[in-house]
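Student: First the structure, which I've put down as structure tokens, then a few questions once you've had a look.
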Amino acid sequence: MDKAKLLSGSSLFCELSPSELETLAKHAHIRHFISKQIIIEQGSRGDEMYAVIHGRLKVTRSNNDGREINLAILEGGEVFGELAMLDGAPRNASVEALEDGELLVLQRSTVDQYLAHHPHVMRSLITTLCERLRSANDLVQDTLFLPLPQRLAKVLRQLAQNHGDINEDGVRIDLKMTQQDLANFVGASRESVNKQLSQWEEHGFLKMRSGYIQIIQIMQLPG
């Protein structure tokens, strides 16, 4: 397992040289996690950032009424937890393990030292903040202005692109998800998502089998 390569996947450290990454990686340690474990809890304070070695995790955000929205699915090589670690503010989302796996963990003291000695990394931090802001704006815009079929189709395409296995029948999304999980991605009720998926299944656009979705005609989905 190449710790330096994993850290290079973070926009904070992508401009560091291989030797600088190797030095930084020496201060990282490995942490195991199990399915359903909460890695980060929304509202908690954090002094660590993480790189996924293997395993899948989901990023969620909830409001005071307990309503939840899914923001992302993380896989091997992806990095999370940088921003709250840097500014010390409460975490703005939760991260839960979907299966067993391992993380590479880096403490704030180590990152602070590197930022102090490598000011060019701050440019990458600004880029990260801009990307996160645009992503949040896109999510708000979709929820406010796109009808449910287009929101759901957009999510299915993204899941197929990031987590899909191509086969002779189309693309199988390699994530076992409930209809409530999908509803949490699009900010809708489970009943509405179930009705839309059933309509698409009747038209032959997709199939739902044992928690997995097989997209047969991805170009026929709206949007």
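Student: Any idea which of (1) touching a helix residue (DSSP H, G or I) at 6+ places or on another chain (Cβ under 6 Å); (2) over 18 Å from Leu83 (Cβ atoms); (3) among the charged types (D, E, K, R) is the one Arg108 doesn't satisfy?
Tutor: The number of the failed condition is (2).
Student: For Leu175, all conditions in the list (1) under 16 Å from Tyr212 (Cβ atoms); (2) out of contact with any strand residue (DSSP E or B) (no Cβ under 9 Å at 6 or more places or on another chain) hold save one; what is the number of the exception?
Tutor: Condition (2) is where Leu175 drops out.
Student: Given the options Lys176, Lys195, name the one that is outside any helix (DSSP H, G or I) and either open to solvent by 40 Å² or more (accessible area, probe 1.4 Å) or in contact (Cβ under 8 Å) with a residue 40 or more places away in the chain (or both).
Tutor: Lys176
Student: Any chance you could count how many residues in the stretch 107-133 are outside any helix (DSSP H, G or I) and open to solvent by 60 Å² or more (accessible area, probe 1.4 Å)?
Tutor: So in the stretch 107-133, the residues outside any helix (DSSP H, G or I) come out as 107, 118-120.
Within this subset, residues satisfying the condition of being open to solvent by 60 Å² or more (accessible area, probe 1.4 Å) are 119.
The total comes to 1.
Student: Would you mind finding the one in Gln161, Gln214 that is more than 21 Å from Ala93 (Cα to Cα), touching a strand residue (DSSP E or B) at 6+ places or on another chain (Cβ under 9 Å) and assigned to a helix (DSSP H, G or I)? First the steps, then the outcome.
Tutor: Working: Gln214 fails: assigned to a helix (DSSP H, G or I).
Sole residue among the options that is more than 21 Å from Ala93 (Cα to Cα), touching a strand residue (DSSP E or B) at 6+ places or on another chain (Cβ under 9 Å) and assigned to a helix (DSSP H, G or I): Gln161.
Student: So which residues in the stretch 134-156 are without any contact (Cβ under 8 Å) to a residue 24 or more places away in the chain, open to solvent by 60 Å² or more (accessible area, probe 1.4 Å) and either assigned to a helix (DSSP H, G or I) or hydrophobic (A, V, I, L, M, F, W, C) (or both), if there are any at all?
Tutor: Arg134, Ser135, Asn137, Asp138, Val140, Gln141, Leu144, Phe145
Student: I'd like to check which strands (runs of 3 or more DSSP E) are fully inside the stretch 1-77 and have at least 1 residues that are closer than 24 Å to Tyr114 by Cβ.
Tutor: 29-33, 38-40, 48-54, 68-74
The values are calculated or read from the model by the stated rules, or taken from the named source; none is laboratory data. No experiment lies behind these values; they were computed from the predicted model shown. Cβ coordinates were reconstructed from backbone atoms using ideal geometry, including for glycine residues, and neighbour counts include every protein chain displayed. These accessible areas exclude ligands, DNA and RNA; they are computed on the full protein's heavy atoms, side chains included. Shrake-Rupley method; radii C 1.70, N 1.55, O 1.52, S 1.80 Å.
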